[in-house]
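Everything below concerns the one structure shown next.
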Amino acid sequence: MRVLVTGGSGFVGSYTVAALLRAGHRVRVLARDSGRTAKVLGGVAVDVGAEAVETCPGDMRDAEAVGRALDGCDAVVHAAAALGVTDPRTSVLEVNVTGTRNVIGGAVARGLDPVIHLSTIAVFVPPAGPVIRADDPLARPRTDYGRSKVAAEHYVRRLQADGAPVTTFYPGGVIGPRQPNLDAMMEGLAGALNLVWPTPGGGVSLLDVRDLAEAVARAVAPGLGPRRYMLGGHYLTWPELADHCDTLTGVRCRRIPVPGGMMVALGSLLDAAKRIRPFDYPLTGDAARLMVTLVPSDDAATVDALGVPLRPVEESLADSLRWLASAGHLAPARAGRLAPARAGRRKAGPVMASSRLKDVISPPVQRMAGSAWFAKVGPKVVPPLDRALHRLTGGRFLLPQYIVPSLVLTAVGHRSGLPRRTPLACLPEPDGSFLVVGSNFGREHHPAWTTNLMHGPDAEVDFRGRTIPVTARLLEGDERAEVWPRLVRIWPTYDRYVERSGRELRVFRLEPRDRHA
């Protein structure tokens, strides 16, 4: 059969092209960039110049280009999906839904059989029961990407209800080597190993890209009508996945037990920041909900029907981590025994480096923090999140620490006499002291912790796992004027807080009490 594949320059699409060729099919690839497509397919040993492979220029949003690509084909595999777009006038929702209508709808109108649509297990999250099945009700995600996948799924299901020969696959988190652009699953895996590994409740379903591609290729058979194949893969809790990675690398990852509600709140905060200025970071509100609510999927019927046994998860993880390390996305020290030879000479990949994380996230987070709505929401969300993370990690982690230096101040309440713990941004000084600002998220009144310090200056600071007794001193006049420009450089939003609150923000120097001992 001649099979049109969309998304052939992507992770799943490229492996699918290779699997279709092994099965004896001829393949046409809808390609926006023929050069990139040839390069990616070459990575999986596919020669675009060979007789069995051709490219057809076009974008899935262009109905005429899609129609030209479909003409003369017997079947189609729709593997393309936009995770984000650079044009602010265009939404992921528009791209993915339009693409599905053009490709799947166009194929059905031309009588192609089968018409294969690659969806995602995420359309069922939060799940309706303890096991996810292909006929479960669909979810209601909040991000554009999540809504686009569910909207496309509704469209496809209407075609299936009318008897169209549309086959839908619901894969879990796809992993494996040679991913052209890291998606949330692989980027999150690298990030957890490079930085810290959150272990909330719930878990993840891992599916090898090679197994998914083989299953899709075996589903290319006419005359079977509408079908739905659940293929989530191996289900692991987050601690179980961390254990597997530890065993494979020989290096214990740095784990943080994080409550599920905290993960969702953090993902939602990042969603808000992305609305101010789009940036790539794998954690979203939808991703966090999937992390904490996902349950195993019932893959047995798919495995039996297509005869595709899933390879051991250890093999898939080892190949994935080995590739992440060789491509520079995973630090050699964290890859351990899976690191490539002479890895120390390789330039670290840019994806999860902490400096890159700061450069990408900091500007939109600063704008979000300076907004009027965040002055209402931030005090209710950020301090409780930070206190919990600080407690759970033994003082090693705070939410904003990859954007601005942060500490936890413990001062005595001047009325209650009880210790009060407050997470704060800070400017560490060369003499061992810390500068902190009473911003109160730009609200009208000074924060309570500043009043506590003015009544009782003796306090404690937890900074990067160390507890330091300090004495607080309010800076005024020339001394305050000297440090203010340096404080604004690390957190420009302070100036916006001054404008909105109409007050001079209190600045304290926290000096170690034993410095002059």
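Nothing in this text is a laboratory measurement; each read-out follows from the coordinates by a stated rule. Computed from a predicted model, the values in this text were never measured in an experiment. Glycine also receives a Cβ, built like all others from the backbone with ideal geometry; neighbour counts cover every protein chain displayed.
Arrange the peptides 12-22, 501-511 so that the one whose residues have, on average, the most other Cβ atoms within 10 Å appears first.
Going by the mean number of other Cβ atoms within 10 Å, highest first, we get 12-22, 501-511.
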Exercise. Considering the dipole of the range 2-345 built from charges on the beta carbon (Lys and Arg +1, Asp and Glu -1) around the Cα centre, which of Gly43, Gly7, Val251 is farthest to its positive end?
Worked result: Val251
Problem set entry | Potential lengthening between Met454 and Val483 on full extension [0.36 nm per residue; Cα-Cα distance subtracted] | 8.5 nm
Exercise. Once you put a point 7 Å from the Cα of Ser34 and another 7 Å from the Cα of Thr471, both along the Cβ direction, what distance in nm separates them?
Worked result: 7.7 nm
Seminar exercise, completed: So, with points 7 Å from each Cα along the Cβ direction, the His445-Asp246 label distance in nm works out to 4.6 nm
Problem set entry | Calculated FRET value between Leu418 and Asp59, using beta carbons and R₀ = 60 Å, to 0.05 | 0.45
Exercise. What order do you get for Asp304, Asp211 when you list them from fewest to most C-beta neighbours inside 10 Å?
Worked result: Asp304, Asp211
Exercise. Amide H of Asp208: which non-local residues (sequence gap of 5 or more, or other chain) have their own amide H closer than 5 Å, using H built in the peptide plane?
Worked result: Ile175
Exercise. How big is the charge dipole of the range 2-345 about its Cα centre, in debye rounded to the nearest 20, if each Lys and Arg gets +1 on its Cβ and each Asp and Glu gets -1 on its Cβ?
Worked result: 700 debye
Problem set entry | Least to most buried among Met262, Met1, Met186, Met291 (fewest other Cβ within 10 Å first) | Met1, Met262, Met291, Met186
Seminar exercise, completed: Measuring from its Cα centre, the range 403-512 shows a charge dipole (+1 at each Lys and Arg Cβ, -1 at each Asp and Glu Cβ) which, in debye to the nearest 20, is 420 debye
Exercise. Each label point is 7 Å from the Cα along the Cα-to-Cβ direction; what then is the distance between the points at Arg140 and His154, in nm?
Worked result: 1.1 nm
